[in-house]
Every structure is written in C-alpha cells, then in structure tokens.
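Have a look at the structure below before the remarks.
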Amino acid sequence: MQRAGIRPIFAAAVVALAASGSVASVRAGEATLGSAAGSADRYFGGALDPGAFDERPYRELAATQLTSVTPENAMKWGLVEPERGEFDWKGADSLVAFAEANRQKIRGHTLVWHSQLPLWLINGAFRPDEIKDLMVAHITEEVGRYKGAIYAWDVVNEPFTDDGSWRRSIFYDAMGPDYIATALKAARAADPAAKLYVNDYNVETDGPKMQALYDLVASLKRAGAPIDGVGVQSHFAAGALPKDIQSVMEKFAGLGVDVAVTELDLRIRLPADEKALVTQAGDYASVVRACRATPRCVGVTTWGITDDRSWIPSYFSGYGAALPFDAAHRAKPAVGAMIKAFTQVAP
Ligand code: 9MR
C-alpha cells in the first residue's frame, strides 16, 4: 500500500462533485476545507464510517473536503477481533482503500483503549503477563497489516481520568503505567514510519488532566520511548471552547512532539438557531487559528462530517448540530469560517 500524502484535492474531485449536484455549496474551483488547510501546510480530517460509503453524497463530501480520514470505530479492537483469533477487517480495509483512492492521509484510531474491547478479552480472566502479550500481539497484527498506509496512530487513547489520575483498564491493571511505553514500542516495531500518538479529551485547557498528560509525555521522552505526537480531542459545547487551547498546544509542542486536534466537535442545544451557528463557527475558526499559530500542530480532524452521523445526540441528550455540515450535507457557517481562518494572511 502506498503512503498517502497531503495534496490539494479540490481540482478533479470538486468538479466531479459539482457535476453530480449533490452539494450545492461546493463548486468547481472553490476552496474546500482540505485545500484551505493544505495552503497552511496542515491537513483537514474527518472521522468516517465506512458503512456509509455506499451513500454517494456522504462519499463525495468525504472525498472532496478531507485530506485526512480517521475510522470513527472501524479499527477498534472490539470490531477487528470480535472473537479471539477471528479477524474482521472489512470496515478498516474499506476505509484504507477509500483514503488511498482519494490520496488522503489516515489517522489510525485506536489501538489501546479501555472502551470498545472485545468481550472475550474483558471477560477472559487473563493473567497480567497474558494481557501484555495479547496487547502487543494486537498492536503487531493491526499496525503490521496497514504498515506504510497509516500516517499516524492513536496508540493509546484516554489514559487519564478528569482529575489527572490514571484511568483503570485491563492494561493499567495488568502493567501499571508501563503499558504505555510497551504499546508505543510495539507500534514502532510494526511500522517504523507511522507517527505514534497518545490521545485524550479535556486536555485542551490548563488543568490536572492536561498536566498529567504533559508529565506522561515528558517522562516518555526522557525514557526514549517512541512518542511522536499528542492528540487533543476537543469535544466541546459551542461557546465553551477553552480560551487557552493554543497555549496548551504550544506547551505540548514544547516537549518536542507534534500536536493534532483529533476529534473536534462543537455541540449545540437543539434546535440550533442562527446565533448558535455563528458562535459555533467562531469556535471552529478559533481552533483552526490556534493550530495555525502552533508550528507543530499538523492538522485538525472533526469527529464526523455531517450532523446526521454524529455521536453527540445519543450521548448528550438535547444536543446535536455539532459538525461543520448539516444533515442535508449543506455547509454550515463553520465551513466558511474555517476556510477563512486557514487561508487569511496570518497577522
Ligand atoms: O464516535 C464513537 C461512537 O460511535 C462510539 O459509540 C463510541 C464508543 O465509546 O466511541 C465514539 O468515539 C470516541 C472515540 O473513539 C474516542 N474519543 C471519544 C469519542 C466519542 O465518544
């Protein structure tokens, strides 16, 4: 598999899209989120559901707007190995094929996480040494399968609780904090070219959780562990974006790692009115500006692309409209605001 690179994609794809007439707001020659980000040497990414690739408007929007893609769920352990030793790579393979066809980078998500684990693993009553072997084998299998195709992996996801203490998981319980370095080393061995990330939420403002992640990355660097990046997920209510997100990104970057906004969405209490959409657009643009102002911020990924496929309504009762495109795939004010923030001459 070829490694995907950042390329401005608007030429052919947008012409095709315009011809299909499925996205009124995107016309031939107009900037897209991906092309705008590219002009600032960043990527613009979105989390995708390969199950929706057979829907043409979804497929075309993803192909046209994004220069990076993340599987929202399709590469998680519970989905790729539902029974021990029985693998199902259908969704993951289809995501990788889509990205390669559209010359998009891929952010692999996620190898070691407390959630969406297969039941055989959670209920297996494995000894600590067995959990370690299973974790390393899983990383070796999955990273190895997509060697050369994945730009960056979220190797470890959400290792801390909100007060900055270690989150309990089968991995932490078996190995203590060492599970993180062990996981990173296994990923590096399986694909030396992939950028290896630790990814978490509620780390976008100065507080105990941010500090815990900072201390972790600092200690990994000191120990020579293979850590290349920090993912700040960035799930917020519109209007509640932390004011210090840029200084936090700069602080992480000061450790000598890349930084990426990995799961951005800005939820709105429904029904979304014009004022809320404008507030949301302002926050989206602020995130883009913060990334542009941080030399080691490599790109911004939104957690989905259209509101009808967002995780938000089922997890935050009464909220939705969190993504840049609405359920009819129309660009919301956030799209223009982000394109402007990527392309306007930096002050
Ligand atoms: O968006 C994902 C949703 O479809 C899943 O049901 C959920 C399971 O916990 O995971 C969601 O994605 C999460 C991501 O993998 C890690 N950070 C938080 C995201 C939102 O919950």
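Values quoted throughout were computed directly from the atomic coordinates according to the rules given, and no laboratory measurement underlies them. Quick caveat: nothing in here was measured; it's all calculated off a predicted structure. FYI the Cβ positions are ideal-geometry reconstructions off the backbone, even for glycines, and counts take in every protein chain you see.
The table that follows gives values for the structure above.
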| quantity | calculated |
| --- | --- |
| Residue within region 188-202 that is at positive phi, surrounded by fewer than 17 Cβ atoms within 10 Å (Cβ to Cβ) and in contact with a strand residue (DSSP E or B) (Cβ under 9 Å, 6 or more places away or on another chain) present | no |
| Pairs with Cβ under 6 Å, 6+ apart, first in region 108-127 and over 13 Å from F171 (Cβ atoms) and part of a loop (DSSP other than H, G, I, E, B), second more than 10 Å from the ligand (Cβ to nearest atom) and among the acidic types (D, E) | P118/E81 |
| Residues that are small (G, A, S), surrounded by 20 or more Cβ atoms within 10 Å (Cβ to Cβ) and assigned to a helix (DSSP H, G or I), drawn from region 277-302 | A281, A285, A290 |
| The listed residue being out of contact with any Asp or Glu (no Cβ under 8 Å at 6 or more places or on another chain) and under 15 Å from I150 (Cβ atoms), out of G108, G45 | G45 |
| In region 290-320, the residues that are small (G, A, S), within 16 Å of the ligand (Cβ to nearest atom) and in contact (Cβ under 8 Å) with a residue 24 or more places away in the chain | G304, S310, G320 |
| Which listed residue, of F171, F236, is more than 30 Å from A276 (Cβ to Cβ), within 16 Å of the ligand (Cβ to nearest atom) and of a type in the set (F, W, Y) | F171 |
| Unmet criterion (only one of (1) in contact (Cβ under 8 Å) with a residue 60 or more places away in the chain; (2) more than 16 Å from the ligand (Cβ to nearest atom)) for G231 | (2) |
| Hits in region 70-98 (condition: farther than 16 Å from S310 by Cβ and either among the β-branched types (V, I, T) or within 16 Å of the ligand (Cβ to nearest atom) (or both)) | A74, M75, K76, W77, G78, L79, V80, P82, G91, A92, L95, V96 |
| From the options D154, D162, residue that is part of a loop (DSSP other than H, G, I, E, B) and within 16 Å of the ligand (Cβ to nearest atom) | D162 |
